[in-house]
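Everything below concerns the one structure shown next.
FYI, it's all coordinate maths here, none of it is from the lab. Computed from a predicted model, the values in this text were never measured in an experiment. Ideal geometry is used to build each Cβ from the backbone, glycine not excepted, and the neighbour counts take in all protein chains shown.
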Amino acid sequence: MNQKFSPAFLISITRICSSRARAQLFFRAPIIALLVFFALPAQASPAAARKVIIDTDPGTDDAIAILLAVNSPELDVRALTVVPGNVTAQQGLENALKLASLANRCDIAVAGGAQHPLFQKLITAEFWHGKNGLANVELPASKCKADARFAPDLIIQMVHAAPHEITLVPIGPETNIALAVLKDPSIVPLVKEVIVMGGSISGGNVNAAAEANIYNDPEAAQIVFQAGWPLTMVGLDVGNATLFTRRHVEQLAKSHGPESDFLVAVLSFLVTLSEKYGYAGAPMYDPLAVGAAIDSTIVKAQAMHVDVETRGDFSRGETVANRTNEVERNVLHGERYIIEGLDKVQPNVEVCTGVDSERFMQLLIGRVQGK
């Protein structure tokens, strides 16, 4: 019921009641309260939490991203699907289960998926993440059990069970997502959005051209980028501007608990390693992708057509972005081509080009601290 009364009507009711005996007013007060209640504008109900599946290769920054996600009421984490990348598939599944247990979230499905990239050998990154992928911090054995389903199958089933409601957040190589699309292309129009941590339009971090997640399985990334669903790329362009510094570590360390203490150790490891190589802090690559799922206003994006290079000797794994969404039209005339105009190309990716770094840092710290 959303019936409304004019202010004049309410005033007249109040005056009538005030002219009666005080005893009578006592009995009329509940009636007035009801009238006022129905006169007030209907209050907006809280927005429903966004249903997400996080596809992950945990990984230090994956661990931070996962704990940010499960501590954010804006997100309803339905599953952690594990892909090899930072660590092997087996180590990644163990890490994901331990993180779910640390957060007391054994209700979240945790499933293993692909064991290697589609067409190349796996490259792992213990150099950056520690021998166990979690900054060499040993978490207790997990109380959670792995879901028996193959991760791409789980993704397919969950998308069909909640059409137009699931947001996929791949924060590792995109092998599992590509396998799901190849097995069941009908999921593409049923997915609400894909928010990818990967790529760059300003140079790479594994070499001059490529970002690590895309480089680890370029063919899978090209499948995901060209699938036709709404896709946001949270890449190095914004990740490299979002540095967790010693000041942030000290702020986080002011509160204690199993999750915050674990993340202080992980972030201290990352900041020390980053400083060793001349950086002011540790880039929050994967957590920022989760941050964009929580609050899209943290980042600014521009629509571009993006392809993934899968063949170049020096550019394999590069995300090649057309910033103007135009290409020259070259027409063959005899022995040469002549440029006869410009053709439009359809943007397929929202490329993040700006970020409110400090606002994101305070979101991350606050959520882990329970604020």
ask   = In whole Å, how far is the Cα centre of region 72-113 from that of region 265-314?
value = 20 Å
query = Considering only Cα-Cα distances, which of the following residue pairs are longer than 18 Å: Lys51/Lys145; Lys145/Lys192; Lys98/Lys145?
reply = Lys51/Lys145; Lys145/Lys192
message = As a test, work out the antiparallel percent of DSSP beta bridges whose residues both lie in the chain, rounded to the nearest 5.
response = 45 percent
task = Mind sorting Cys352, Cys106 by how few other Cβ atoms lie within 10 Å of their own Cβ, fewest first?
result = Cys106, Cys352
note = Interchain or sequence-distant (5+) residues whose placed amide H lies within less than 5 Å of the amide H of Gly354 are Lys300
task = Could you tell me which label, among (i) 27.5; (ii) 18.9; (iii) 22.6, carries the value of mean projected area of the Cα convex hull in nm² calculated for this structure?
result = (i)
ask   = Got a sec to turn the phi values of region 270-284 into Karplus ³J(HN,Hα) couplings, 6.51 cos²θ - 1.76 cosθ + 1.60 with θ = phi - 60°, whole Hz, x for Gly and Pro?
value = 5, 5, 4, 5, 5, 4, 4, 9, x, 9, 7, x, 9, x, 9
query = Based solely on its DSSP helices, what 222 nm [θ] is calculated for the chain when runs of n ≥ 4 H residues each add -39,500 (n - 2.57) and the sum is averaged over all residues, nearest 500 deg cm²/dmol?
reply = -11500 deg cm²/dmol
remark   = Measuring from the longest principal axis of the C-alpha atoms of the chain, the long axis of helix 357-368 (C-alpha) lies at a number of degrees, nearest 10, equal to 70 degrees
inquiry  = To test your reading of the geometry: what angle, between 0 and 90 degrees and rounded to tens, separates the Cα axis of helix 22-39 from the longest principal axis of the chain?
reply    = 30 degrees
Local net charge near Ala293, Cβ-Cβ under 12 Å (Lys/Arg +1, Asp/Glu -1) = -2
note = Computed over the chain, the relative contact order (Cα-Cα under 8 Å, seq sep at least six) in percent reads 16 percent
ask   = What trypsin sites (Lys or Arg not before Pro) does region 190-282 have in DSSP loop regions with at most 15 other beta carbons within 10 Å?
value = Lys254
ask   = If we sort 336-349, 232-245, 143-156 on the protection proxy, mean other Cβ atoms within 10 Å, highest first, what's the order?
value = 232-245, 143-156, 336-349
query = In degrees from 0 to 90, rounded to the nearest 10, what is the angle of the helix 7-18 Cα long axis to the longest principal axis of the chain?
reply = 40 degrees
